[in-house]
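*Asks:* Below is the structure I would like to discuss, written out as structure tokens.
The values are calculated or read from the model by the stated rules, or taken from the named source; none is laboratory data. This structure is a prediction, so every number in the text was calculated from the model and none was measured. Cβ coordinates were reconstructed from backbone atoms using ideal geometry, including for glycine residues, and neighbour counts include every protein chain displayed. Quick note on the areas: whole protein, heavy atoms, side chains included, nothing else; ligands and nucleic acids left out. Shrake-Rupley method; radii C 1.70, N 1.55, O 1.52, S 1.80 Å.
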Amino acid sequence: MTASKEYLANAEPQKPDQKFGTRHYIVFMLFLGMANAYVMRTNMSVAIVAMVNQTAIEKDAEEFDDECPDTDYGEETDDAVDGEFIWSTSMQGYILSSFFYGYVITQIPFGLLAKRYGAMRFLGWGMLLNSVFAFLVPLAARQGGAGWLIAVRFIQGLGEGPIVPCTHAMLAKWIPPNERSRVGSIVYSGAQFGTVISMPLSGLLADHGFDGGWPSIFYVFGIIGTVWSIAFLLTCYEDPVTHPRMREDEKKYIQQSLWGNAAIHIPPIPWSSIAKSMPFYAILLAHLGQNYGYETLMTELPTYMKQVLRFSIKTNGVLSALPYLAMWLFSIVVGWVADWMLTSGRITHTWTRKISNSIGQYGPAIALIVASYTGCSRGLTVAILTIGVGLNGGIYAGFKINHLDLTPRYAGILMAFTNCSANLAGLLAPMAAGNIIEGKPTIAQWRIVFVIAACVYIFTATFYNIFASGQRQFWDDPETDELQKPSAPIESPEHSEAKGVNNGTNLTYRTVNEAHQS
């Protein structure tokens, strides 16, 4: 360790004494933003059931396996809903997937733009676009049909594209390293919180809402999203340096903790170094495995329970929300424990990430394998599903927040690449399952589906454990930035403050230079 890094490691920044600071408000708003994003993503899956005239559609005979008794099957029958639209199953698939395609193609562009122009405004305006276009969903469906509806949902997806890379970029600028595990878990668990809220509330609005029921889903959530977006744009700031009202002690604490803060200087993206970074590929593979396994857990197990166990979990609102609720709660617990491990000084960032990620990926892998051998026990399978998805919450304090450890200044860009790739990989899960069980949805064939997903989880988690790192990488080292500019003058604290740079950050950079010169 060089003298400069030794100084920075030993000089513990003084934590402010207030219970709720500006950074906590930023975290709260990002949590609500993530929840709102997942509400917008999932509400169509509930609304489309009420939108489609089920009795007018020619249904293919659904295949069932006869290994398990059908006693009690049909105890929760779905009443046919006579909706407004006659859309085939394939057309419904296009409508549901249109949002996803808009979301995926904007990941990397917004990651790059956030690095150049800042993340906050892209996030706020993107979610505002998403929310405003929610009001147009009923109009597009009724006046323009499926084509116009697909276009509107695609634009909504484009607006949601900044949510993950820009959230990551903001966390990198606002959250000290020893708070990242719990903060990252809280923010990203908003996805599960939003899903838990969206599914039952959308169902209630579809049955009892105004303007025919299902349109009220988009009006209500559109209003909520618009209010959040405006509040976010008016009250949140890109980083502590640009915030005009936060306390100075909290500002110094954050800036001193983030000794290479992006508000000072962001050099060009080190593409070559990133491309050769094994810790980056560890995160990438873990993210790919996560999306593949998660899609299997959340989309294929319910199908298995209906085709094989003769029990539709989707007809029970409580049971359908249980896995998301378990993951939300467990992710927060793991985040707090991970930060306690770090602040205690007993476990390094690297091992904390590996332990958390192992829980989050080996746990669901075991659950998938066990679920494939539960036979015809419906209750046990539901319990396994809930436990497996719950343990999956460990990934937030694992690979998900690990981008910020490697490179605070380029975390948004790394997340854009891994999240885009992982969402594409998530498409493989239903495709693989469909090919394996087509025409023969037996327990043995479904076991192959589950074991493949478990193996993906295990392989990617093991790769992560071998190559992952919790240390800031050499290609994102502010000391190197300064060495590349030897003629740059060292500004006084007063001059830095006049330019909007606080004493804490200026002290850090001056100390780096002085240590190097000595």
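*Asks:* Please report the spacing between the Cα centers of the range 87-136 and the range 200-228 in Å, no decimals.
*Replies:* 20
*Asks:* How much net charge surrounds Leu288 when only the other residues with a Cβ under 14 Å from the Cβ of Leu288 are counted, with Lys and Arg +1 and Asp and Glu -1?
*Replies:* 0
*Asks:* Amide H neighbours of Asn53 under 5 Å, counting only residues 5+ apart in sequence or on other chains, H built in-plane at 1.01 Å?
*Replies:* Gly83, Glu84, Phe85, Ile86, Trp87
*Asks:* Right, next: Under a Cβ-Cβ cut-off of 13 Å, what is the net charge of the residues other than Asn392 that fall near it, where Lys and Arg count +1 and Asp and Glu count -1?
*Replies:* Result for the local shell: 0.
*Asks:* Please compute the net charge surrounding Ala169, taking Lys and Arg as +1 and Asp and Glu as -1 over other residues with Cβ under 12 Å from its Cβ.
*Replies:* Net charge in that neighbourhood comes out at +3.
*Asks:* With a 1.4 Å probe and every protein chain kept in, tell me what percent of the accessible surface of the range 166-232 is carbon plus sulfur.
*Replies:* With neighbouring chains kept in place, the figure for the range 166-232 is 75 percent.
*Asks:* Here's something else I'd like to know. Kindly write out, for the range 432-446 in residue order, the coupling ³J(HN,Hα) from the Karplus curve 6.51 cos²θ - 1.76 cosθ + 1.60 (θ = phi - 60°), rounded to whole Hz, with x marking Gly and Pro.
*Replies:* Ordered by residue, 3J(HN,Hα) equals 5, 4, x, 5, 6, 9, 4, x, 8, x, 8, 4, 5, 5, 5 Hz.
*Asks:* Counting pairs of Cα atoms in the range 189-258, how many percent are more than 13 Å apart?
*Replies:* 74
*Asks:* As an exercise, take the mean of 1/r over every pair of distinct alpha carbons in the range 117-249, invert it, and state the Kirkwood radius in angstroms. Mind dumping the intermediate values first?
*Replies:* Details: mean 1/r = 0.0604 Å⁻¹.
So the Kirkwood estimate lands at 16.6 Å.
*Asks:* What's the carbon and sulfur percent of the range 399-462's accessible surface, probe 1.4 angstrom, rounded to a whole number? Walk me through the intermediate numbers first.
*Replies:* Numbers: 1460 of 2020 Å².
Answer for the range 399-462 is 72 percent, counting heavy atoms of protein chains only.
*Asks:* Okay, next question. Please give the contour-minus-distance gain from Phe467 to Leu204: 0.36 nm per residue of separation, less the Cα-Cα distance, rounded to one decimal in nm. All intermediate terms of the calculation are to be shown ahead of the outcome.
*Replies:* Values: separation 263, 0.36 × 263 = 94.68 nm, distance 4.69 nm.
Separation in residues times 0.36 nm, less the Cα-Cα distance, equals 90.0 nm.
*Asks:* In the calculated pair distance distribution of the range 406-477, what percentage of Cα-Cα distances lie above 22 Å?
*Replies:* Distances greater than 22 Å cover 44 percent of the Cα pairs.
*Asks:* Sticking with this structure for a sec: Using 0.36 nm per residue of separation minus the Cα-Cα distance, give me the extension gain between Glu438 and Trp125 in nm, one decimal.
*Replies:* Length gained between Glu438 and Trp125: 108.4 nm.
*Asks:* For the pairs Lys19/Lys252; Lys19/Lys115; Lys15/Lys115; Lys19/Lys251; Lys19/Lys354, flag any whose C-alpha to C-alpha distance is greater than 24 Å. Can you show the working numbers first?
*Replies:* Numbers: Lys19/Lys252 16 Å; Lys19/Lys115 31 Å; Lys15/Lys115 28 Å; Lys19/Lys251 15 Å; Lys19/Lys354 30 Å.
Table pairs above 24 Å Cα-Cα are Lys19/Lys115; Lys15/Lys115; Lys19/Lys354.
*Asks:* Please work out the FRET efficiency for the pair Phe474 and Arg346, using the Cβ-Cβ distance as r and a Förster radius of 30 Å; give the result to the nearest 0.05.
*Replies:* Between Phe474 and Arg346 the formula returns 0.70.
*Asks:* Something else: For the range 424-452, list residues with backbone N below 18 Å from a point placed 7 Å from the Cα of Thr374 toward its Cβ?
*Replies:* Under cut-off, by backbone N: 442-452.
*Asks:* Provide the per residue accessible area, probe 1.4 Å, for the range 165-238, rounded to a whole number of square angstrom. Walk me through the numbers on the way to the answer.
*Replies:* Working: 2180 Å² over 74 residues.
For the range 165-238, the solvent-accessible area averages 30 Å² per residue.
*Asks:* So which trypsin sites (Lys or Arg not before Pro) in the range 329-428 are both in a DSSP loop and have at most 12 other Cβ atoms within 10 Å of their Cβ?
*Replies:* Arg346
*Asks:* Further question on the same structure: Could you do me a favour and compute the accessible area per residue for the range 340-441, 1.4 Å probe, result in Å²?
*Replies:* Using a 1.4 Å probe on heavy atoms only, each residue of the range 340-441 averages 34 Å².
*Asks:* Here's a follow-up. Could you list which residues have their amide H under 5 Å from that of Thr348, counting only those 5 or more apart in sequence or on another chain, with H placed in the peptide plane?
*Replies:* When sequence neighbours closer than 5 places are left aside, there are no close amide H contacts.
*Asks:* Pick out, in residue order, every one of the chymotrypsin sites (Phe, Trp or Tyr not before Pro) in the range 351-451 that is DSSP loop and has at most 15 other C-beta atoms within 10 Å; say none if there are none. Show your work: numbers first, answer last.
*Replies:* Values: sites: Trp351, Tyr362, Tyr373, Tyr396, Phe399, Tyr410, Phe417, Trp446, Phe450; in loops: Tyr373.
When the chymotrypsin sites (Phe, Trp or Tyr not before Pro) of the range 351-451 are filtered for loop state and at most 15 Cβ neighbours within 10 Å, Tyr373 remain.
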